[in-house]
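Shown next, in structure tokens, is the structure this report addresses.
The values are calculated or read from the model by the stated rules, or taken from the named source; none is laboratory data. Just so it is clear, the structure is predicted and the values come from calculations on it, not from any experiment. As a convention, Cβ positions derive from the backbone with ideal geometry for all residues, glycine included, and neighbour counts pool all protein chains shown.
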């Protein structure tokens, strides 16, 4: 019993530490600003270019991986105000809102607030953080009107993108400055979010384009379990700029940067069995600066050099973390002969942090990490127009686990121009974080047998990388101009997963008799996961479009007979077995559009540490959600839209976190006005 309590406490304090610190595989569609991927004709679809799977443009049907792209039309028609809300439409991606400011987002399982097997990038700039292995979605924010597309990887992307691209990659691609000329003003008011934004762009001299913007977002409190306010409000202020300079016909230079400031409030509870909680403020601030050089040597040969610096401060639970990151990346793409297409690159990343506060949570207050990497991938045409083999590997050296390799091989067969089959095998790793290696927490946990109980949680200097061996396959077919199908399946074998190793409590005599229970992080678990994903699109007439997707997944842990080892919170599956998304869009007249979105999932297990401490937390109930949107264009420059979310029920729960008390997602309505000139 005490072992279980230790495991649950370890999970809780791991999350506290993280908080206090600050369809299918990758798809990048090169679409015009008003186009929709699934509304294209067969001839148009065959010309759609995707780039993230191979880091260079290639036709969608020639991509040997599962591909999903969220287009500008998808973003506009969704009515969403955040990236996680948009990701609900992607098969194989689980999205769950924890409270007004927190989300759990992952692909193919292991979902958590800090899903440590999901790499997230904005314009190829990683927002995945080495300190705690995860993403704070409240600070990974952008102006959605500036997003060109969202590329989603379901499955490993490690051969090209490196460590931590284990279960998937999300890359948010923003629009070029030349596509955002003129002024834009928008305002939205609703039960959940209130937003305002201003943007202006134009020419700067004969060969440069620019834009500047500012955005304010207020998140209203959601609901507590008893129907009262959860008091988890939040607000965010952002400002940024971008400059694209066409230095020559072959060279494009891009400079961009953002500054942000967030103020939030959350409910925290360190005794899961009680109903008491504490209101805790959260303060975030930071920004980034990025420079990129693209050179197009020929239609099939190009080079990119990118560098960025980011800095973030986060104050939470009386703790402050100051983080800094610098990244330099080089990529070169060129054909070799008539049948080989080569892409290679190298990179360097340095991260550093300093931690402080009233409760020491690390053995060492400062950490510095370095990562050196190189990758090589080649596409070999075995049968022109029919059979292509893509193989490569990523090599890297990092401060903690040192040398790692991440190879993959992918085979694509096109029996006809309208259908393709693909299969792949990959190896990917999740490298250790500062939390895994250097965590040290000690706290009181009641009285046992008349002795005070102290729980000691420690990181492990020998904690190594978690390893995935993935086997994937898929099939695509464009039946005609109105109907398309995309199916993918996977079998994942994980080894060396993180676990909490609990010891039997022992009595310490000095300075006073105390019962001490020690918990240590180890690589102690393995896991086998399987799943299938399907997406269908039907466009019977130009004014009507329907999209649907379904996902099935399951997982089994193995602790190899060691009952003292339980999953770390971030290693729990916490993923529903069944989920679906159905979307319908109708344009009865040029100035009118109507949209309906129905999605949901079956019940899911809460994190194991939470369940042990509070059995009533299991399971996370299944739910079905209906969103509606009605929009009208007013004149040439103005549009008005209104809608409702979660219309089938008064409220529902989507995720059970540890120390952060979850909220109920309420039924809500909103109205939005946008003006452009």
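Scan 301, 228 and give me the residue that is modelled with pLDDT of 90 or more, over 30 Å from residue 208 (Cα atoms) and surrounded by fewer than 19 Cβ atoms within 10 Å (Cβ to Cβ).
228
When the residues of the stretch 153-177 are narrowed to those that are over 27 Å from residue 321 (Cα atoms) and at pLDDT below 90, which ends up surrounded by the fewest Cβ atoms within 10 Å (Cβ to Cβ)?
160
So which residues in the stretch 117-140 are surrounded by fewer than 24 Cβ atoms within 10 Å (Cβ to Cβ), touching a helix residue (DSSP H, G or I) at 6+ places or on another chain (Cβ under 8 Å) and closer than 16 Å to residue 311 by Cβ?
140 - this is the single residue of the stretch 117-140 that is surrounded by fewer than 24 Cβ atoms within 10 Å (Cβ to Cβ), touching a helix residue (DSSP H, G or I) at 6+ places or on another chain (Cβ under 8 Å) and closer than 16 Å to residue 311 by Cβ.
A quick yes/no check of all residues on (1) more than 25 Å from residue 91 (Cβ to Cβ); (2) surrounded by 17 or more Cβ atoms within 10 Å (Cβ to Cβ); (3) within 28 Å of the chain's Cα centre (by Cα):
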position: 539; (1), (2), (3): no, yes, no
position: 545; (1), (2), (3): no, yes, yes
position: 553; (1), (2), (3): no, yes, yes
position: 558; (1), (2), (3): yes, no, yes
position: 567; (1), (2), (3): yes, yes, yes
position: 574; (1), (2), (3): no, yes, yes
position: 579; (1), (2), (3): no, yes, yes
position: 582; (1), (2), (3): no, yes, yes
position: 586; (1), (2), (3): no, no, no
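Looking for whichever is in contact with a strand residue (DSSP E or B) (Cβ under 7 Å, 6 or more places away or on another chain) and either over 23 Å from residue 107 (Cα atoms) or not in a strand (DSSP E or B) (or both) here; the options are 471, 521. Which one fits?
Just a single option satisfies the conditions, and that option is 521.
Run down 131, 119 and say which single residue is outside any helix (DSSP H, G or I), over 11 Å from the mean Cα position of the chain (by Cα) and farther than 18 Å from residue 602 by Cβ.
Criteria check complete, one pass: 131.
Filter the strands (runs of 3 or more DSSP E) completely within the stretch 531-589 down to those with at least 3 residues that are farther than 24 Å from residue 497 by Cα.
Once the strands (runs of 3 or more DSSP E) in the stretch 531-589 are filtered for at least 3 residues that are farther than 24 Å from residue 497 by Cα, what remains is 544-558, 578-589.
For the condition over 23 Å from the mean Cα position of the chain (by Cα) and surrounded by 19 or more Cβ atoms within 10 Å (Cβ to Cβ), what is the one hit in 416, 420?
420
What number of residues within the stretch 134-151 satisfy the criterion of being assigned to a strand (DSSP E or B) and either modelled with pLDDT of 90 or more or under 20 Å from residue 254 (Cβ atoms) (or both)?
5
Can you tell me which residues in the stretch 607-634 are modelled with pLDDT of 70 or more and part of a loop (DSSP other than H, G, I, E, B)?
619, 621, 622
In the stretch 275-290, how many residues are over 30 Å from residue 659 (Cα atoms) and surrounded by fewer than 16 Cβ atoms within 10 Å (Cβ to Cβ)?
Of the residues in the stretch 275-290, 1 are over 30 Å from residue 659 (Cα atoms) and surrounded by fewer than 16 Cβ atoms within 10 Å (Cβ to Cβ).
Given the structure, is residue 115 at pLDDT 90 or above and under 19 Å from residue 470 (Cβ atoms)?
Considered against the rule, which asks whether it is at pLDDT 90 or above and under 19 Å from residue 470 (Cβ atoms), residue 115 comes out as no.
Might you let me know whether the stretch 503-510 holds any residue that is crowded, with 17+ Cβ neighbours inside 10 Å and modelled with pLDDT of 85 or more?
no
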